[in-house]
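Asks: There's a structure below that I have some questions on.
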Amino acid sequence: MGEDKLTPSDIEALRTAFQARYHSFKLLLSANNKALQIMSELEESLKGDRPFGMSFIKANSTAVSVNVFRMIRCMDELAPGKYRELFDVFRQIQAAIADELSGRKEPDGGPFVVGLDRIDKTHADEAGSKMANLGEIRNRLAMPVPNGFTITSHAFREFVRSGELQSEIDRLLQSSPAEQMDELFSLSGQIQQLIIRSPVPAQIEEAIRGAFRALEATDGPGLKISMRSSALGEDSYGTSFAGQYRSELNVSAENVLEAYKEVVASKYSLPAITYRLNRGIRDEDIDMCVGCMSMVHAAAGGVIYTRNPLHARDDRVFIHSVWGLPKSVVDGSVAADLFAVSRGEPPVMAERRISEKEWKFVCYPDEGVCRIELTGEAGAAPSISDENAVELARMALAIENHYGCAQDIEWALDGAGKIFLLQCRPLTQTEGAVRAVPTAKTDLPGEVILSGGIAASPSAGSGPVFVLRKESDALLFPKGGVLVVKQALPRWAALLGRAAALVAEQGTAAGHLANVAREFGVPALFGVDGAAELLENGRVVTVDADGFTIYDGRVDSILKNVRVRTSLMEGSPVFETLKKVSEHIIPLHLLDPDSTAFKAARCRTFHDVTRFCHEKSVKEMFSFGRDHHFSERASKQLVCEIPMQWWVLNLDDGLLEETPGKFVYLDNIVSIPMLALWEGIIAVPWEGPPPVDTKGFMSILVEASSNPALDPSMPSQYTNRNYFMISRNFCSLSSRFGFHFSTIEALVGERANENYVSFGFKGGAADAARRIRRARFVSEILEEFEFRSEVKEDGVMARIEGYDEEVMKEKLRILGYMLIHTRQLDMVMFNDASCQEHKVKLIKDICSVILCRSAYGRPPETPAQDADGSEN
C-alpha cells in the first residue's frame, strides 16, 4: 500500500495498533524490572549472611514466575504466535522449581506409637533423634533409661493433616512476612493456639492411651510420665534445638492428650521458629515426635559434658548437678554444683565446686512440678557424692566411646540412689581464645564496668546494652545489641540471631541457652551479679567472655582478634533449597543476542527468558514499523544543529502535539528521558576524531576489509540514522556512529522503583585489543558514576535503576555525553597511559559541565542546584 493511498483511518488504525503494542511493551518492561529485582534479592540471600525461611523462597519463586509469565504473554501480544515456544520453556522451568520445593518425600504408614524397647539410632525418622539416641544406649549399651514409648512422626503427620490443620498452618506461614520479632510473635501464637484447639484423631488417641496402659502394667498403677519433644533433627550435631521445644513433666493419664498437643504446638514456639529461621531448617522437614517415659522422682539431677565445651583440648568430664529435677540446670535458673572427673580407669575426681543452691524442683504428688526453697545447710551441701560423680563419668565415657564424639547427657538420681539417663546428644565444642591475662590494672585495655562470672560461650562482642526485664521487651531488642537478662532462660534463644553478646546474672554453661549461644557463636558471660542494674540501656559496652570482663565502650584491641562468625545459613537445608531453586532462576546463559544460539529453545532459566524477551521485545517494536512501513510514515527527522541524522518515532505521548510533515522540533518533544539524553549529547561540542597513529589507521583498514558488516555502505536500517522511540516517560535510542553501535533505553517517571536506564555499547574500527581496551575504559567511567557495568569482549552493558527522576535524568545526561565523546577512541587506546589521559579528560567534562561540579565533588565556582533547589 503506497503512502498516497493511506486514508486518515488507515493511519489512525496503524497508530492505535502501535500504541496497543507499546502498552504491552511497557508491561513487559515493568515485569522485567520486577523479575530482575527478585533475582537480585535471591542473589543477596545466597551470601548466607541473613536468615530466611522456606516461605521466603516459595514467595519469591512464585513472584518471579508470575513476572516472567507476564513477559512471555506480552511477547505473544507483540508478536502473536512467533515465540510460542517460550510457554513450553516456562512450564519446564516452573516444573523443575516445583520439584525442588516439594520437600522431602514422607514415608507411608507406620505405627502411631512404638515402645522404647524397640528403638535404636536407626529409628530417628520414626521416633525422632532424642528418643532414637535413648533407645540406642538403653538397648545396645544396657544403660539405665526409664521405660517408655514414642508417639511417632506418622502420628504427627496424621494429626496435622486432620481437619485441614496443616493447610491452615501452611497458609499462615506463607502469608506472614515474619521478618520482625512482633510478626514472629503473632505468628507463633496463632499457630500454637490452632494446634491446641484441634482434636486428636480417634485412632491416635487410642494408640496413645493403649501405650500408657501398657506402661502402667509394667511400672505400676497411678503412673506419671514425662513428655518431651523428640522432633526430627533435634539433638543432632550442630542443631541441638536445646530448650526450644516444650517438655511436660509428671503428666497423668487423664491429661496425656492435652500435654501431647502442647508439645506438638511448641514446634511453633517463638524460640523454635527463630532457631529454624536462623539455622535454615525447613518447617516441612520437622515432624514432632513426642517421647513418653516413666517419671523419675529425682533426688538430684543435672547434665554431663564428656569434654569441656569451651576448650576442645580439655578432655575432663564435667558434671553439673542440683537438688531435685535437672530442670533448674538446663533452664539456668539455679547455680549448679560442678564436678570435674579425669579420664582413666577408674575415672578420678579432679575438681569440685559446690554452689549455694537457692531452690529445687520436685514432682507434685498429684501432677506437675513445683519449686521448693532450700533452707538451712541443704543449699550449700553437695547435691551428689564423689562416688555418684565417678559413676556418672564412667557411663558418660562409655556413651562417648560408642558414638565416637563428645556428648551432652541429661541424668537424674532417684531417692534410692539409682541413676537414670534422660537424654544424650552430640556436644557443641568451641576452641577457647588464647589471650594474655592482664597482670595489673594498668594492663587493662579499657575501663572495667563488671567482671567475674563464667564464660558460657567464648569470644567477645560489642554493642549497645539492652536490658530485658519482661517478655514483651523482646519485641524491641535491636540487631547488634548486647542482651542483658536476669536468668539465662531458654526462651531468650529467640534473640540470639540478632545479639552481639549475651550477659546473664544467673545461669550455667550447661544450660540450654548456653548451648544455643555456642551454636550461634554469640559470646556469653553468665553469673555476673548486678548486671541488669549496673548496665544502662543504650550504653555501648564490650563483653569479653574469655576474660570474664565487661568494658565501657568499644575496645578494638579485644575485638580485632575475634573470629568472624560463620554463616549459620550456609549448608543448611533451606540454604541448599535456595541454591537448587536459584539454579533454575538466576544463571544467565543467553549472553550474545547476535549469536545463532540466542533462541527461545535455549532458555534454561527464568533469567534467560527475561533476557530473551527483553532483547526481542525491542526488536519487535522496530520490526512492527518496518513491516508496515510505519517508521517511514510516522517517524520524523529531528531538526537540530548537530550534523547527524536523528529520527524520532512517537510511540504514545512523547510529543507536545502531533504536527504534519516530516520534521519535528526539539521544543515539541516532551519525552523526559530523551530530553535529558539530548542535554548530554549537546553539552560539550565534539572536537572530531582523535589523531590516529599508523597502527591505528592500519587496524581500521584491516578490520573494515575483514568484516563487511562494519562497512557503512552495507544496507542497514540503522547505518545512516539514529532512531529515538519515545513516549513521555520512555526513550529507546539505537544509534550507529561509524563502526560502533550504541543502544540506550530508559524509563523515567515519578515512581522511582520503576525507573531504569540501560546502556549497550559494542564494536569499533580498531583491532580487537584496542576495542576491548575502549570497552573497559567506558565501563570504568560509568562505574565512577554508580552504573553497574559488565564487559564482554569489546562490548559494554551498563545499568542503573531505582533512583528518583532527577537522579535518572543526571545519569542520562552522562550517557548522552559518553555517546558522542567515545566515538573512535578505540583507535587511540594503544596503552594504559593513553586510556588514563582520555579518562581524566572525560571525567573532568562530566563533572564540570554535565554535573556542574569538580572532579573531586566540589562546585567549580558557585554551588549548582538541582531542579528541586537542593545543592548537587
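The values are calculated or read from the model by the stated rules, or taken from the named source; none is laboratory data. Remember, it's a predicted structure, so these values are computed and weren't measured experimentally. Neighbour counts are summed over all protein chains in view; Cβ atoms, including those assigned to glycine, are modelled from backbone coordinates with ideal geometry. Areas reflect the complete protein model, heavy atoms only, side chains present, ligands, DNA and RNA absent. Shrake-Rupley method; radii C 1.70, N 1.55, O 1.52, S 1.80 Å.
Asks: For region 375-403, what are the residues that are in a helix (DSSP H, G or I), of a type in the set (D, E, K, R) and open to solvent by 60 Å² or more (accessible area, probe 1.4 Å)?
Replies: Once the filter is applied, which keeps residues that are in a helix (DSSP H, G or I), of a type in the set (D, E, K, R) and open to solvent by 60 Å² or more (accessible area, probe 1.4 Å), region 375-403 yields E387, E391, R394.
Asks: Counting just the residues of region 328-357 that are of a type in the set (A, V, I, L, M) and surrounded by fewer than 22 Cβ atoms within 10 Å (Cβ to Cβ), which one comes out farthest from R307 (Cα to Cα)?
Replies: We begin by selecting, within region 328-357, every residue of a type in the set (A, V, I, L, M); these are 329-330, 334-336, 338, 340-341, 348-350, 354.
So of that shortlist, the ones also surrounded by fewer than 22 Cβ atoms within 10 Å (Cβ to Cβ) come out as 338, 340, 348-350, 354.
Numbers: L338: 13, A340: 10, V348: 15, M349: 14, A350: 13, I354: 20 Å.
Only one residue tops the list, namely I354.
Asks: Next up: Filter region 325-374 down to the residues that are part of a loop (DSSP other than H, G, I, E, B), without any contact (Cβ under 8 Å) to a residue 40 or more places away in the chain and closer than 30 Å to A253 by Cα and list them by number.
Replies: Step one: of region 325-374, the residues part of a loop (DSSP other than H, G, I, E, B) are 325-326, 331-336, 343-347, 354-358, 364-368, 374.
Filter again for without any contact (Cβ under 8 Å) to a residue 40 or more places away in the chain, leaving 344-345, 354-358, 365.
P365 - this is the single residue of region 325-374 that is part of a loop (DSSP other than H, G, I, E, B), without any contact (Cβ under 8 Å) to a residue 40 or more places away in the chain and closer than 30 Å to A253 by Cα.
Asks: So T152 ticks every box in (1) in contact with a Pro (Cβ under 9 Å, 6 or more places away or on another chain); (2) open to solvent by 60 Å² or more (accessible area, probe 1.4 Å); (3) over 25 Å from L277 (Cβ atoms) but one. Which box is left unticked?
Replies: (2)
Asks: Restricting region 707-742 to residues that are modelled with pLDDT of 85 or more and either outside any strand (DSSP E or B) or open to solvent by 10 Å² or more (accessible area, probe 1.4 Å) (or both), which is nearest to L36 (Cα to Cα)?
Replies: Filtering region 707-742 for residues that are modelled with pLDDT of 85 or more and either outside any strand (DSSP E or B) or open to solvent by 10 Å² or more (accessible area, probe 1.4 Å) (or both), the one nearest to L36 (Cα to Cα) comes out as N729.
Asks: Could you list, in sequence order, all residues of region 250-288 that are outside any helix (DSSP H, G or I) and either within 31 Å of the chain's Cα centre (by Cα) or acidic (D, E) (or both)?
Replies: Residues satisfying the conditions are S269, G280, I281, R282, I286, D287, M288.
Asks: Would you confirm whether or not region 93-103 contains a residue that is under 30 Å from E206 (Cβ atoms) and either in a helix (DSSP H, G or I) or open to solvent by 10 Å² or more (accessible area, probe 1.4 Å) (or both)?
Replies: Scanning region 93-103 turns up at least one residue that is under 30 Å from E206 (Cβ atoms) and either in a helix (DSSP H, G or I) or open to solvent by 10 Å² or more (accessible area, probe 1.4 Å) (or both).
Asks: Only residues that are under 27 Å from the mean Cα position of the chain (by Cα) and open to solvent by 70 Å² or more (accessible area, probe 1.4 Å): list them for region 70-86, please.
Replies: R70
Asks: Let me ask something additional. So, of the residues in region 788-813 that are open to solvent by 50 Å² or more (accessible area, probe 1.4 Å) and part of a strand (DSSP E or B), which turns out to be farthest from A746 (Cα to Cα)?
Replies: Only one residue fits best here, namely K792.
Asks: Which ones in region 118-177 are out of contact with any Phe, Trp or Tyr (no Cβ under 9 Å at 6 or more places or on another chain) and among the acidic types (D, E)?
Replies: D120, D125, E126, E164, E168, D170
Asks: Right, next: Surrounded by fewer than 19 Cβ atoms within 10 Å (Cβ to Cβ) and within 32 Å of the chain's Cα centre (by Cα): which single residue out of E168, E126 fits that description?
Replies: E168
Asks: Related question: Which residues, counting only those in region 448-467, are in a loop (DSSP other than H, G, I, E, B) and either buried (at least 21 other Cβ atoms within 10 Å of the Cβ) or in contact with a Lys or Arg (Cβ under 6 Å, 6 or more places away or on another chain) (or both)?
Replies: Once the filter is applied, which keeps residues that are in a loop (DSSP other than H, G, I, E, B) and either buried (at least 21 other Cβ atoms within 10 Å of the Cβ) or in contact with a Lys or Arg (Cβ under 6 Å, 6 or more places away or on another chain) (or both), region 448-467 yields G453, P458, S459.
Asks: Test of understanding: among N133, N147, which residue is within 16 Å of I399 (Cβ to Cβ) and either surrounded by 17 or more Cβ atoms within 10 Å (Cβ to Cβ) or of a type outside the set (K, R) (or both)?
Replies: Every option except N133 fails the conditions.
Asks: Among (1) open to solvent by 10 Å² or more (accessible area, probe 1.4 Å); (2) within 18 Å of I38 (Cβ to Cβ); (3) at pLDDT 90 or above; (4) not charged (D, E, K, R), there is one condition T605 misses while meeting the rest; what is its number?
Replies: Against the list (1) open to solvent by 10 Å² or more (accessible area, probe 1.4 Å); (2) within 18 Å of I38 (Cβ to Cβ); (3) at pLDDT 90 or above; (4) not charged (D, E, K, R), T605 comes up short only on (1).
Asks: Also: Does V322 count as assigned to a loop (DSSP other than H, G, I, E, B) and open to solvent by less than 10 Å² (accessible area, probe 1.4 Å)?
Replies: No; evaluated as a whole, the condition is false for this residue.
Asks: Could you check, for region 589-605, whether at least one of its residues is of a type in the set (V, I, T), part of a helix (DSSP H, G or I) and in contact (Cβ under 8 Å) with a residue 24 or more places away in the chain?
Replies: No, the conditions are met nowhere in region 589-605.
Asks: Let me ask you something else. Those residues that are in contact with a Lys or Arg (Cβ under 8 Å, 6 or more places away or on another chain), surrounded by fewer than 24 Cβ atoms within 10 Å (Cβ to Cβ) and not in a helix (DSSP H, G or I), I need them from region 530-547; list them, please.
Replies: V540, D546, G547
Asks: Out of (1) open to solvent by 40 Å² or more (accessible area, probe 1.4 Å); (2) in contact with a helix residue (DSSP H, G or I) (Cβ under 9 Å, 6 or more places away or on another chain); (3) closer than 19 Å to F52 by Cβ, what's the single condition that is false for E183?
Replies: The one condition E183 does not meet is (2).
Asks: Could you identify the single residue in S162, S176 that is free of Cβ contacts under 8 Å to residues at least 40 places away in the same chain, surrounded by fewer than 20 Cβ atoms within 10 Å (Cβ to Cβ) and small (G, A, S)?
Replies: Of S162, S176, the one residue that is free of Cβ contacts under 8 Å to residues at least 40 places away in the same chain, surrounded by fewer than 20 Cβ atoms within 10 Å (Cβ to Cβ) and small (G, A, S) is S162.
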